[in-house]
Each structure stands twice: as C-alpha cells, then as structure tokens.
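As structure tokens, the structure follows; a few thoughts come after it.
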C-alpha cells in the first residue's frame, strides 16, 4: 500500500478543509439553533441548505461515489476527505455525502434499473430529496438479517408489505421521499440467504405510518431521525423491487461494506477533533496550581489517544485500499476489523476529552456529548461488534490464523 495520498486526494483535502473552516465551523451551533423549534424540527435548516448550494457550486459534491455517477474518487482517496468532514457531525450532508443517502445512492447506482435510477437516484445525487433505510426490526435480532420478518408478498402487478421497523435512518426528515425496505418474499426458501428482498417504497405511500422517532441517549438526531415505522398493507408496483426477488441479502452485504468504512472515516475525524480539544483544554485549564497539561495522567491520555487514532486510521486506509484493489468482498475481514476498532477507539478518545473538560464536557458547550453518542451508537449500527468479531474469528480459524 502506498501511504502517499494521490495529488487529487491531497487537493480535495485542502479544498474541503478550507470550506469547513470558512463556511461550516463558524455556523456549527447555528445549525442546532435552527433545528430547535418544534415546528421545524425535522426540516433541513436554512443554514445547511445554503451550504449545500455553495458546496455544489464549488464542485465539492458526491465525492463518495466512484463511477459515472460520482467524482471518481477511490475509497483510499476519499478516506482522508471524509475524515475532515467528520469533524462536524452534520457536515457530510453539506457535500451530499451523508448516511443513509450515501448507501442508498450506492445501491441504486449498482443495482437499480434505469427507470429506478432516473426516478430516485438522480434527485438524490442532486440533493433535492433525501432517503431512508428500513432494515432493523424491534421484534428480532436484526444483526442476523435472516431473522427479519417483514413480509413482502406479490399480488399481481404489485407487492404488499406488512411489518414493523425501527431505527429507519433518515425517515423523519421532511425531504425524505423514498425508503429502501428489506423484508422476506420467500420465507420458506431452503437457502435462508435467498429469502429476503429489498424494495423501494415512496414515503407517502398509504399504509406507511411513522409510530415515533427513536432517541439515542436522549438525542433524536433531528432533522434526520431514526423512527419506528409500521408498514400496513403498503402496496407498491412490482417494478419497485431491487435486483429481483431473493437478492436482498446480497444487496445488504454490498451496501453495508462501504457504509461501515464511511462511518469509520467520519469517526476518525470526530476523534481527531476531540484530541485537539483535549490538548487545548489541558493547556488552558488550571487545577491545583498548575495547568492540566502538567498532570502526568492527562499527558498519558493525550498520548494514548494519538496512538489509537493513528492505528485506527491506518487500519481504515488499509481496508479502503484493499476494497479498491480487490473488491468489497475480498476486503470484508479488514472492513469488519475497522468497524470493530474505530468506534471503540473514538468512544475512548472522546470520553478522555470529556473528562479533561469536566462538567463542560457533558454540556452543550462542546460537540463532545453528541460525538460520544454517535461513536457508541456505531458500535451497534451496521452490525454489533460481536457479529464482526465472530465473522473474523471464523475466517481466521479456516485459514489457520493466516492473514491475507
């Protein structure tokens, strides 16, 4: 692996860094102020809409997507760019690089028909609509996708959907118009990985009922949201099926691999910013007659954080490089390893930063509480640690511990 980033990536890193400093960081708190009023809780705030227009005008748009629909960046080139975006939790949307739209656009670009791409991918690429991803269910352990019970039944020229989902990322936003729903079209199929399908469901379809938004550690993540949704006799055209019946598990694997690595890139940015804030606080804050920076335990926390961020960054870059060279399937062990390592690392580093900040670290005066919640959430989101650990362990036992 070449650890020297390409000229294209270096140039984009600098452009995104400058954009963040000049336009995003100064209005970080204004974003949350504009989200506060109940009447516009799930409406994309004006400050974000303005930033999206500006980013698109400057060509800083859809940087995540390779191929004819995107910028053509490789995963390795994109990784440090996404890390810079990750320093502000809501910033990826400024560049149309935010979840769940990123994963949904990748699904439509890779698996969608020309008609599906024209109807849904094009406006998503333009940033005029948003989307949701509806996979997890409250009644079953959805980390095992074969457990999913949502029923997708063929009825003539339509499919009828019945089931309950929760943590449907993105679905509370007023701009969300399309949901990708995973369910079972063939629950009795002998191959349990061919029972599932994915289907496109317009959010305004009769029978789609939002039950409630789900909170994580008390945060509702407005204006995006992660609601619980009841699908009751939801009828959509048969042409809305993605790739064909029984291909849902295949699509999920293709979608979640890049999504996991994107979360890792973003979390490294969160951890790096937390480290910088920790250093700044340690130098300025005086306790027991001297700056915190002169306390040995604080210095150790700072040093440990630096080491852990560097290790996690290298692992993420290694996974991105292998994805580029050999494909997502060949890189699944490194993707899983990064997904295990990075969120835990970020949570530890952010927690240390909170500790150095004292009471202020728990308050709305820093980004640290929200960043900690995000890091802790991703230890479960896109598959809990234990699932990835089990998969890596199983593969290593097959190979006798030999790494590829």
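A few points about this structure:
- 2 or more residues more than 25 Å from residue 220 (Cα to Cα): qualifying helices (runs of 4 or more DSSP H) within the stretch 1-102: 7-19, 46-57, 75-85
- Condition check for residue 269: assigned by TED's automatic domain parsing to the domain that holds residue 352, under 26 Å from the mean Cα position of the chain (by Cα) and at pLDDT below 95: no
- Residue count, the stretch 56-71 (criterion: more than 20 Å from the chain's Cα centre (by Cα) and free of Cβ contacts under 8 Å to residues at least 60 places away in the same chain): 5
- Residue 180 vs. criteria closer than 21 Å to residue 243 by Cα and over 18 Å from the mean Cα position of the chain (by Cα): no
- Looking at 224, 283, 234, just one residue is assigned to a helix (DSSP H, G or I) and either touching a helix residue (DSSP H, G or I) at 6+ places or on another chain (Cβ under 6 Å) or surrounded by 20 or more Cβ atoms within 10 Å (Cβ to Cβ) (or both), and that residue is 283.
- Which listed residue, of 204, 188, is in the same structural domain as residue 231 (by TED's automatic domain parsing), without any contact (Cβ under 8 Å) to a residue 12 or more places away in the chain and either over 16 Å from residue 130 (Cα atoms) or not in a strand (DSSP E or B) (or both): 188
- Checked against (1) in contact with a strand residue (DSSP E or B) (Cβ under 6 Å, 6 or more places away or on another chain); (2) not in a loop (DSSP other than H, G, I, E, B), residue 193 passes all but a single condition, namely (1).
The values are calculated or read from the model by the stated rules, or taken from the named source; none is laboratory data. Owing to the predicted nature of the structure, the values given are computational and were not obtained by experimental measurement. Note: ideal-geometry Cβ built from the backbone for every residue, glycine included; neighbour counts use all protein chains shown.
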